[in-house]
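This report concerns only the one structure given below.
The values are calculated or read from the model by the stated rules, or taken from the named source; none is laboratory data. As the structure is a prediction and not an experimental result, all values here were calculated from the model. Quick reminder, even Gly has a Cβ in these numbers, built from the backbone with ideal geometry, and neighbours come from all protein chains shown.
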Ligand SMILES: Nc1ncnc2c1ncn2[C@@H]1O[C@H](COP(=O)(O)OP(=O)(O)OP(=O)(O)O)[C@@H](O)[C@H]1O
Ligand SMILES: [Mg+2]
């Protein structure tokens, strides 16, 4: 249900960039809802995630926790990279079980991981459109691809990135911006970022943050993982804290302070600091 304070479902600048450059904006109506119900993931003896229930709403929703607390496991389950041992993921109230990247994209989800997933021998342009075409039809004519790729990159990169350069020969930060452009091109209603800005310097991050804030404000869900508390405080509409695979608490924007976050993440350590 919508409340007055909730972001409106509208067009982000990224939507406009894609539309103005002949790209395809997916037809999705209303605001998106995503929920996990009692998600549990075991790796042998390790309980990576334990009965985790989170209600994601449009906006930037951060998952915070110490190393090994289950953040990536949660995102991998949402992305269909791993399958949960128990529990369910509900997208607009229907259970989903994506089994491949294509399933995931068809559902409107895109994930960017900390590890830079680039095809090193292909061009920047090919990397941005990697996996974009369906087997049956090419969705954007070839001539329109370069202007669209340039427009997307210009939104998130301070420097031009040459479209016909071999991607693997560019600096790591440029490669991650290419991967982010690949995710944005699909205009996912749910964008999952697992430390996706770690390879970027401060100035690069600022542009990307500006883009994702605008994207989330248009009614999309951005699920964000970062270790940097100042980023988390600046960006998050909501923060869910995990500890040892369990959901400790979800805080709303007005309740987010560094002290509270630290205390929820590691109560013992916070006692020593305070
Ligand atoms: N493929 C795997 N096999 C065995 N154990 C795993 C596997 N993946 C994760 N784990 C374990 O599950 C727990 C949660 O890991 P996860 O990667 O989700 O944590 P995280 O919160 O993302 O940590 P980090 O901040 O270090 O990225 C950890 O104890 C980890 O060692
Ligand atoms: Mg992780």
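Go over the candidates 62, 73 one by one and state the one that is touching a residue at least 60 places away in the same chain (Cβ under 8 Å) and either at positive phi or touching a helix residue (DSSP H, G or I) at 6+ places or on another chain (Cβ under 7 Å) (or both).
Numbers: 73 fails: either at positive phi or touching a helix residue (DSSP H, G or I) at 6+ places or on another chain (Cβ under 7 Å) (or both).
Testing whether each residue is touching a residue at least 60 places away in the same chain (Cβ under 8 Å) and either at positive phi or touching a helix residue (DSSP H, G or I) at 6+ places or on another chain (Cβ under 7 Å) (or both) leaves just 62.
Pull up the range 212-235, narrow it to residues that are within 12 Å of the chain's Cα centre (by Cα) and closer than 13 Å to residue 14 by Cβ, then point me to the one that is surrounded by the most Cβ atoms within 10 Å (Cβ to Cβ). Explain how you work it out, then say what you get.
Let us first name the residues in the range 212-235 that are within 12 Å of the chain's Cα centre (by Cα), namely 212-213, 215-216, 220-226.
After this cut, where a residue has to be closer than 13 Å to residue 14 by Cβ as well, the list is 212-213, 215-216, 220, 222.
Working: 212: 24, 213: 17, 215: 21, 216: 23, 220: 26, 222: 23.
Checked the range 212-235; the qualifying residue surrounded by the most Cβ atoms within 10 Å (Cβ to Cβ) is 220.
Just one of the numbered conditions (1) part of a strand (DSSP E or B); (2) within 19 Å of residue 188 (Cα to Cα) is not true of residue 133; which one?
(1)
Among (1) more than 21 Å from residue 51 (Cα to Cα); (2) more than 16 Å from ligand 2 (Cβ to nearest atom); (3) touching a strand residue (DSSP E or B) at 6+ places or on another chain (Cβ under 7 Å); (4) in contact (Cβ under 8 Å) with a residue 24 or more places away in the chain, there is one condition residue 195 misses while meeting the rest; what is its number?
Condition not satisfied by residue 195: (2).
Within the range 187-199, does at least one residue satisfy the condition of being in a helix (DSSP H, G or I), closer than 25 Å to residue 153 by Cα and either modelled with pLDDT under 95 or within 16 Å of ligand 1 (Cβ to nearest atom) (or both)? Lay out the reasoning, then the answer.
Quick first cut of the range 187-199, residues in a helix (DSSP H, G or I) only: none.
For the range 187-199, residues in a helix (DSSP H, G or I), closer than 25 Å to residue 153 by Cα and either modelled with pLDDT under 95 or within 16 Å of ligand 1 (Cβ to nearest atom) (or both): absent.
Which of the residues that make up the range 44-65 are more than 7 Å from ligand 1 (Cβ to nearest atom) and either surrounded by fewer than 19 Cβ atoms within 10 Å (Cβ to Cβ) or farther than 15 Å from residue 246 by Cβ (or both)?
45, 47, 51, 53, 55, 56, 57, 58, 59, 60, 61, 62, listed by residue number.
For the range 208-228, name all the residues that are within 16 Å of ligand 2 (Cβ to nearest atom) and part of a helix (DSSP H, G or I).
If the condition is that a residue be within 16 Å of ligand 2 (Cβ to nearest atom) and part of a helix (DSSP H, G or I), then no residue fits.
Which one is surrounded by the most Cβ atoms within 10 Å (Cβ to Cβ) among residues in the range 13-41 that are touching a strand residue (DSSP E or B) at 6+ places or on another chain (Cβ under 7 Å) and either farther than 29 Å from residue 214 by Cβ or free of Cβ contacts under 8 Å to residues at least 60 places away in the same chain (or both)?
39
Considering only residues that are surrounded by fewer than 15 Cβ atoms within 10 Å (Cβ to Cβ) and closer than 15 Å to residue 126 by Cβ, which ones fall in the range 166-175? Reasoning before the result, please.
Start the filter on the range 166-175 by keeping residues that are surrounded by fewer than 15 Cβ atoms within 10 Å (Cβ to Cβ), which leaves 168-169, 171-172.
Correct list: 168, 169.
Would you pick out the residues in the range 116-130 that are in contact with a strand residue (DSSP E or B) (Cβ under 9 Å, 6 or more places away or on another chain) and in a loop (DSSP other than H, G, I, E, B)?
Narrowing the range 116-130 to residues in contact with a strand residue (DSSP E or B) (Cβ under 9 Å, 6 or more places away or on another chain): 120-124.
Hits for the range 116-130 are 120, 121, 122.
Any idea which of 205, 182 is at pLDDT below 95, part of a helix (DSSP H, G or I) and either within 16 Å of ligand 1 (Cβ to nearest atom) or in contact with a helix residue (DSSP H, G or I) (Cβ under 9 Å, 6 or more places away or on another chain) (or both)? Show your work before the answer.
Values: 182 fails: at pLDDT below 95.
Only one candidate qualifies: 205.
Inside the range 136-149, can you point out the residues that are surrounded by 13 or more Cβ atoms within 10 Å (Cβ to Cβ) and either in contact with a helix residue (DSSP H, G or I) (Cβ under 9 Å, 6 or more places away or on another chain) or outside any helix (DSSP H, G or I) (or both)? Break it down stepwise before answering.
As a first pass, look at the range 136-149 and keep what is surrounded by 13 or more Cβ atoms within 10 Å (Cβ to Cβ): 140, 145-149.
Those that are surrounded by 13 or more Cβ atoms within 10 Å (Cβ to Cβ) and either in contact with a helix residue (DSSP H, G or I) (Cβ under 9 Å, 6 or more places away or on another chain) or outside any helix (DSSP H, G or I) (or both): 140, 145, 146, 148, 149.
Among the listed residues 116, 89, 112, which satisfies the condition of being within 22 Å of the chain's Cα centre (by Cα), under 28 Å from residue 72 (Cα atoms) and away from ligand 2 (no atom under 16 Å from the Cβ)? Give the steps one after another, and end with the answer.
Numbers: 116 fails: away from ligand 2 (no atom under 16 Å from the Cβ); 112 fails: away from ligand 2 (no atom under 16 Å from the Cβ).
It is 89.
Looking only at the range 102-122, decide whether some residue is at pLDDT 95 or above, touching a helix residue (DSSP H, G or I) at 6+ places or on another chain (Cβ under 9 Å), more than 21 Å from residue 189 (Cα to Cα) and within 16 Å of ligand 1 (Cβ to nearest atom).
no
Across the range 154-171, what is the number of residues that are under 19 Å from the mean Cα position of the chain (by Cα) and outside any loop (DSSP other than H, G, I, E, B)? Working first, answer last.
Start the filter on the range 154-171 by keeping residues that are under 19 Å from the mean Cα position of the chain (by Cα), which leaves 155-157.
Still in the running and outside any loop (DSSP other than H, G, I, E, B): 155-156.
Number satisfying all stated conditions: 2.
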